[in-house]
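Note sheet for the following structure.
The values are calculated or read from the model by the stated rules, or taken from the named source; none is laboratory data. Keep in mind that what you see is a predicted model, and the values were worked out from it rather than measured. Virtual Cβ from ideal backbone geometry, glycine too; neighbours counted across all protein chains shown.
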Amino acid sequence: MKHVTKAVLPVAGLGTRFLPATKSIPKEMMPIVDTPLVEYAVREAIEAGVKEIIFITSPTKKAIEAHFSKNQELENLLKKSNKESCISKAFPKEFDEITFHYAYQYEQLGLGHAVLQANHLIDQDEFFLILLADDLLINEPNVCKQLVEAHHKTSSSILALNKVSTEETKKYGVISFKDKASDISNCKPLSAIVEKPQTNPPSNIAVTGRYLLKGSIFNYLKNIKEGAQGELQLTDAINLAMQDNNFFGIEYEGIKFDCGSKEGFIRANLHVAKTQKINYE
Ligand code: G1P
């Protein structure tokens, strides 16, 4: 089976919930302790075997591009001032082998529309990852690795799932399972998904911001209409694709922080500060 080597990270949002900080700093560049939120997702994808990161971004968010580019001037300055140890922080070796692509989303028409901007970079029969950086997921093995492993078992598209309370289902994509008899180890076949159900959720199992999808999803993304919140929803394209393709879900192992909310962002900072050895110098 082919390796999964590409990951799409939609990062074009305005980050209005974090104003005024996000007036000049992209939301995704705000740090969890000392590392921008988006770098956690990028590292997760790289650890899972990804070689090409495709950011769906906005031309106004150049800080993200600067962060993932070499800066020879800074590197030289660090060398000159004997701060060699800082170099690996600013320019991790792992990034040398990665190609970073930037595709622009000029209008905020929803997650489905954002992902569609990667169409030209992914083949129809190629499987790829999508990571929503706002969901910071901490585990060893990480959640992208868990998706890749599930893909190897099923040769299918995989969604990362977690249980939520019934009141919370209206915030997420919520799934229905197929007959339990067709489980493949911990991978459960899915029959449908609905975005942010306001009433009668089909279950209390929601999708977290990690997906492993087939490139043919772009055909469905081209045909969806405005859905929940008047936006073009990735969930609606997945639901259409489910009628023609096998999809499985895994209830992933890991701790989740919703860094799209202030509470989740602060909790994530506290967690990382407590659990990682931090040099406070
Ligand atoms: C998006 C997806 C939703 C998914 C969620 C996970 O929603 O549309 O299906 O459950 O991410 O975080 P958003 O958080 O952008 O409203």
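Quick notes on this structure:
- Any hit, the stretch 176-191, residues being within 23 Å of Val11 (Cα to Cα), modelled with pLDDT of 95 or more and hydrophobic (A, V, I, L, M, F, W, C): no
- Candidate set from the stretch 111-142 (those that are within 12 Å of the ligand (Cβ to nearest atom) and of a type in the set (Val, Ile, Thr)); member that is nearest to the chain's Cα centre (by Cα): Ile130
- Long-range neighbours under 9 Å by Cβ, at least six apart or interchain, first residue free of Cβ contacts under 8 Å to residues at least 60 places away in the same chain and assigned to a helix (DSSP H, G or I) within the stretch 167-188, second of a type in the set (S, T, N, Q) and within 16 Å of the ligand (Cβ to nearest atom): Glu168/Asn204; Thr169/Ser203; Thr169/Asn204; Lys170/Gln198
- Count of the stretch 163-183 residues which are surrounded by fewer than 13 Cβ atoms within 10 Å (Cβ to Cβ) and either over 19 Å from the mean Cα position of the chain (by Cα) or polar (S, T, N, Q) (or both): 7
- Check on Glu39, surrounded by fewer than 23 Cβ atoms within 10 Å (Cβ to Cβ) and under 19 Å from the mean Cα position of the chain (by Cα): yes
- Cβ pairs under 6 Å, 6+ apart, first in the stretch 52-77 and in contact (Cβ under 8 Å) with a residue 40 or more places away in the chain and within 18 Å of Val115 (Cα to Cα), second basic (Lys, Arg) and surrounded by 17 or more Cβ atoms within 10 Å (Cβ to Cβ): Glu52/Lys6
- Any hit, the stretch 146-157, residues being acidic (Asp, Glu), within 14 Å of the ligand (Cβ to nearest atom) and not in a loop (DSSP other than H, G, I, E, B): no
- Total residues in the stretch 65-109, condition under 24 Å from Glu231 (Cβ atoms) and either touching a helix residue (DSSP H, G or I) at 6+ places or on another chain (Cβ under 6 Å) or in a strand (DSSP E or B) (or both): 5
- Odd one out for Glu94, checked against (1) away from the ligand (no atom under 16 Å from the Cβ); (2) loosely packed, with under 14 Cβ neighbours inside 10 Å; (3) under 30 Å from Asn219 (Cβ atoms): (3)
- Evaluated against (1) over 21 Å from the mean Cα position of the chain (by Cα); (2) within 14 Å of the ligand (Cβ to nearest atom); (3) crowded, with 19+ Cβ neighbours inside 10 Å, Pro189 falls short on exactly one condition, (2).
- Cβ pairs under 7 Å, 6+ apart, first in the stretch 149-166 and under 17 Å from Val50 (Cα atoms), second in a helix (DSSP H, G or I): Ile158/Leu147; Ile158/Ala150; Ile158/His151
- Residue in the stretch 71-85 that is within 30 Å of Val148 (Cβ to Cβ) and either of a type in the set (Phe, Trp, Tyr) or out of contact with any His (no Cβ under 6 Å at 6 or more places or on another chain) (or both) present: no
- Counting only helices (runs of 4 or more DSSP H) that fall entirely inside the stretch 192-281 and contain at least 2 residues that are within 13 Å of the ligand (Cβ to nearest atom) and surrounded by 17 or more Cβ atoms within 10 Å (Cβ to Cβ), the qualifying elements are 234-242.
- Residue-level analysis places Glu167 among those that are at pLDDT below 95 and among the acidic types (Asp, Glu).
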